[in-house]
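Q: This structure is in structure tokens; I'll ask about it shortly.
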Amino acid sequence: MRLWSIWWDLARQLRPAFGRTRTFLWFVAGLAAACVRPDLAGVTSYVRALGLRHACYGPLLDMFHSPGVDLEKLTRLWTRAVLCVLRPVLLTVGGRPVLLADGIKIPKAGRKMPAVKKLHQESDGNTKPEYIFGHSCQAVTLAVKAGAGFFALPLACRIHEGAVFSNRNRRTLLDKMAALALSLGVNEPAVLVADAYFAAAKVIEPLLKAGWHLIAAVRSNAVAYRAPEAPKPGTRGRRRTYGEKVTLKRLFEDGPAFSEAPSPVYGESGVTIRFLALDLYWRPVGILVRFVLVIHPTRGRKILLCTDLSLPALSVIRLYGIRFKIEVSFKQAVHTVGAYAYHFWMKAMKPRPRKSGDQYLHRESEAYRESVRRKLRAYHCHIQLGVIAQGLLQAVAVLDAPFVWCYFGSWLRTVRTTVPPSERVVALALRNALPEFLADSLQTHILAKFIRLRLDLSRAEGLRLAS
């Protein structure tokens, strides 16, 4: 009961994003199912996890396609709730929250799924093929302290390529990532940490305009410029904007200029790194930015960029070292929560070739284009539900870890009670506590009443939850 009370205190804050209470209840029922389901078989697993009658499959499917779900408002409410409840454990820099950004590519084989295209995998892992057919998404997460470590709590994720509604649209993935981060409703300056792909003017300029800052890696062939010399008296012409050109990777050859310090990277101890910090002009944005060159004894060399000139070099290295936590978050979203396990096909869609690129729709009828928008909205609603479900599991782990272990009821070779449990452990604890929650709060809790009225007592799952 206690775990579900924490869960509900966060989930109920999302109510203003829904046009009707019934739509909200179907959404939170889907959230509950996503948090406790033992398999990832799409909407079918939601029905199975809560022991619902087969007639509930249709309303759950309709909820994802419903115009009564304001997706943008839902995202802002979720961000606001997380920032408020988890404020004491947020990773901050000078009082500013730290956000992590990255992209993920989800394999989808459906030939009648909008925005599915041929994608190239940049990852070096041998478990991933070089090319896949699927959806290209971009996500923003929040860095949260968990004991001696950190985790990335997801805030939003969207499909950002694959469907082109207007041939006049020139927005790139960089434009869309910056817009996604700034649309979250974080009403305070923040620091965004990303990889080298996002170190570009199209990301930096909107962030700086909103008072945010970016920390990112830069490519090894990057160049910068020193401040220009003061013009001599009586010299005619416009003052120079840039001074001497600096090829950043050549600075690694200047060994005496580097300083040594214990590595601030998360999870490392007894490791000494060498670093050099320089404030140089960067032509893509035309302003001074801080470049930090790092020589790691085992990880090699790295060039980092920070738009906040007041941030010390070791803090920049430390924050960039946490960026990989978003990769861990993606792994949990795929394998534990099933945030991307949607199988919504568009019946009226023209089948797509297997090796196709973007789906251009500017010459299609308005009805066809609206059908594609509706299906994409359903994908985004499913993804956002998974994002919130994963965030709820993480929040419960941080806010009441001892009680999670009390309801875990299973076995692990090593149980570390000093570390917040994983999403899988919290999901098992919530699954074990669900019958108690439905039984004890039937008359007082709107969600418990909503679920119990729809239980299928002819199935084992329904009987277990009704007992």
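The values are calculated or read from the model by the stated rules, or taken from the named source; none is laboratory data. Computed from a predicted model, the values in this text were never measured in an experiment. When we count neighbours, we look across all protein chains shown, and the Cβ atoms used for this are built from the backbone with ideal geometry, even at glycine.
Q: Condition test on Trp405, is it assigned to a loop (DSSP other than H, G, I, E, B) and out of contact with any Cys (no Cβ under 9 Å at 6 or more places or on another chain)? Write out each step before concluding.
A: Values: assigned to a loop (DSSP other than H, G, I, E, B): no; out of contact with any Cys (no Cβ under 9 Å at 6 or more places or on another chain): yes.
The answer is no for Trp405.
Q: Return the pairs, sorted by first residue and then second, in which the second residue is of a type in the set (S, T, N, Q) and surrounded by fewer than 12 Cβ atoms within 10 Å (Cβ to Cβ), the first residue lies in the stretch 353-370 and is closer than 9 Å to Ala163 by Cα and in the same structural domain as Phe165 (by TED's automatic domain parsing), the beta carbons are less than 9 Å apart, and the residues are 6+ apart or on different chains.
A: Filtered contacts from the stretch 353-370: Tyr360/Asn167; Leu361/Ser166.
Q: Considering only the stretch 452-467, how many residues are out of contact with any helix residue (DSSP H, G or I) (no Cβ under 9 Å at 6 or more places or on another chain), assigned to a loop (DSSP other than H, G, I, E, B) and of a type in the set (A, V, I, L, M)?
A: Here is the first cut: in the stretch 452-467, the ones out of contact with any helix residue (DSSP H, G or I) (no Cβ under 9 Å at 6 or more places or on another chain) are 453, 458, 460, 462-463.
Among the residues that remain, those that are also assigned to a loop (DSSP other than H, G, I, E, B) are: 453, 458.
Checking which are of a type in the set (A, V, I, L, M) leaves us with 453.
So the count comes out to 1.
A quick yes/no check of all residues on (1) at pLDDT below 85; (2) surrounded by 13 or more Cβ atoms within 10 Å (Cβ to Cβ):
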| position | (1), (2) |
| --- | --- |
| Lys355 | yes, no |
| Gln359 | no, yes |
| Glu364 | no, yes |
| Ser371 | no, yes |
| Phe403 | no, yes |
| Gly409 | no, no |
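Q: Can you list residue pairs whose Cβ atoms sit under 9 Å apart, with the first residue in the stretch 248-264 being of a type in the set (Phe, Trp, Tyr) and the second being surrounded by fewer than 14 Cβ atoms within 10 Å (Cβ to Cβ) and assigned to a loop (DSSP other than H, G, I, E, B)? Count only pairs 6 or more apart in sequence or on different chains.
A: Here the result reads none, with nothing in the stretch 248-264 linked to a residue that is surrounded by fewer than 14 Cβ atoms within 10 Å (Cβ to Cβ) and assigned to a loop (DSSP other than H, G, I, E, B).
Q: What is the one condition in (1) within 29 Å of His343 (Cβ to Cβ); (2) in contact with a Gly (Cβ under 8 Å, 6 or more places away or on another chain); (3) of a type outside the set (S, T, N, Q) that Gly149 does not satisfy?
A: In the conditions (1) within 29 Å of His343 (Cβ to Cβ); (2) in contact with a Gly (Cβ under 8 Å, 6 or more places away or on another chain); (3) of a type outside the set (S, T, N, Q), Gly149 misses (1) alone.
Q: Please tell me if Leu14 is more than 22 Å from Pro435 (Cβ to Cβ), of a type in the set (A, V, I, L, M) and in a loop (DSSP other than H, G, I, E, B). Explain how you work it out, then say what you get.
A: Values: more than 22 Å from Pro435 (Cβ to Cβ): yes; of a type in the set (A, V, I, L, M): yes; in a loop (DSSP other than H, G, I, E, B): no.
The answer is no for Leu14.
Q: Just checking, which of Ala333, Ala348, Ala341 is more than 21 Å from Thr247 (Cβ to Cβ), modelled with pLDDT of 95 or more, in the same structural domain as Leu40 (by TED's automatic domain parsing) and out of contact with any Phe, Trp or Tyr (no Cβ under 6 Å at 6 or more places or on another chain)?
A: Ala333
Q: Among the strands (runs of 3 or more DSSP E) confined wholly to the stretch 242-293, which include 1 or more residues that are among the charged types (D, E, K, R), at pLDDT 95 or above and touching a helix residue (DSSP H, G or I) at 6+ places or on another chain (Cβ under 7 Å)? Don't jump to the end; show me each part of the working.
A: On the way: elements: 245-247, 259-262, 272-282.
Result: empty, no element qualifies.
Q: So, Leu430, is that one at pLDDT 90 or above and surrounded by fewer than 14 Cβ atoms within 10 Å (Cβ to Cβ) or not?
A: Details: at pLDDT 90 or above: yes; surrounded by fewer than 14 Cβ atoms within 10 Å (Cβ to Cβ): no.
In short, no.
Q: Do you know which residues across the stretch 218-233 are among the hydroxyl-bearing types (Ser, Thr, Tyr) and either at pLDDT below 85 or in a loop (DSSP other than H, G, I, E, B) (or both)?
A: Matches in the stretch 218-233: Ser220 only.
Q: Also, quick follow-up: Could you give every pair whose Cβ atoms fall below 7 Å, whose first residue belongs to the stretch 69-93 and is in a loop (DSSP other than H, G, I, E, B), and whose second residue is of a type in the set (Phe, Trp, Tyr), counting only separations of at least 6 or pairs across chains?
A: Qualifying pairs under 7 Å: Leu91/Phe150.
Q: Looking at the stretch 152-164, is at least one residue assigned to a helix (DSSP H, G or I), farther than 14 Å from Ile326 by Cβ, in contact (Cβ under 8 Å) with a residue 12 or more places away in the chain and over 14 Å from the mean Cα position of the chain (by Cα)?
A: Here is the first cut: in the stretch 152-164, the ones assigned to a helix (DSSP H, G or I) are none.
No: zero hits.
Q: Are any of the residues in the stretch 136-146 free of Cβ contacts under 8 Å to residues at least 60 places away in the same chain, farther than 25 Å from Val93 by Cβ and more than 20 Å from the chain's Cα centre (by Cα)? Talk me through it step by step, then tell me what you get.
A: Filtering the stretch 136-146 for residues free of Cβ contacts under 8 Å to residues at least 60 places away in the same chain gives 136, 138, 140, 145.
Next cut, farther than 25 Å from Val93 by Cβ only: 136.
Cutting the leftovers down to more than 20 Å from the chain's Cα centre (by Cα) gives us none.
So far as the stretch 136-146 goes, no, none of its residues is free of Cβ contacts under 8 Å to residues at least 60 places away in the same chain, farther than 25 Å from Val93 by Cβ and more than 20 Å from the chain's Cα centre (by Cα).
Q: Next question. Among the listed residues Tyr379, Tyr340, which satisfies the condition of being closer than 25 Å to Ala32 by Cβ, in contact with a strand residue (DSSP E or B) (Cβ under 9 Å, 6 or more places away or on another chain) and not in a loop (DSSP other than H, G, I, E, B)? Explain how you work it out, then say what you get.
A: Values: Tyr340 fails: not in a loop (DSSP other than H, G, I, E, B).
After applying the criteria, what remains is Tyr379.
Q: Hey, any hits in the stretch 182-194 for a residue that's at pLDDT 95 or above, out of contact with any strand residue (DSSP E or B) (no Cβ under 6 Å at 6 or more places or on another chain) and aliphatic (A, V, I, L, M)?
A: Yes: one or more hits.
Q: Could you list, in sequence order, all residues of the stretch 205-239 that are of a type outside the set (S, T, N, Q), under 19 Å from Arg250 (Cβ atoms) and surrounded by 13 or more Cβ atoms within 10 Å (Cβ to Cβ)?
A: Selection gives Ala217, Val218, Ala222, Val223, Ala224, Tyr225, Arg226, Ala227.
Q: Scan the stretch 26-73 for residues that are charged (D, E, K, R), surrounded by fewer than 17 Cβ atoms within 10 Å (Cβ to Cβ) and within 19 Å of Arg459 (Cα to Cα) and jot them down.
A: Residues satisfying the conditions are Asp39, Arg53.
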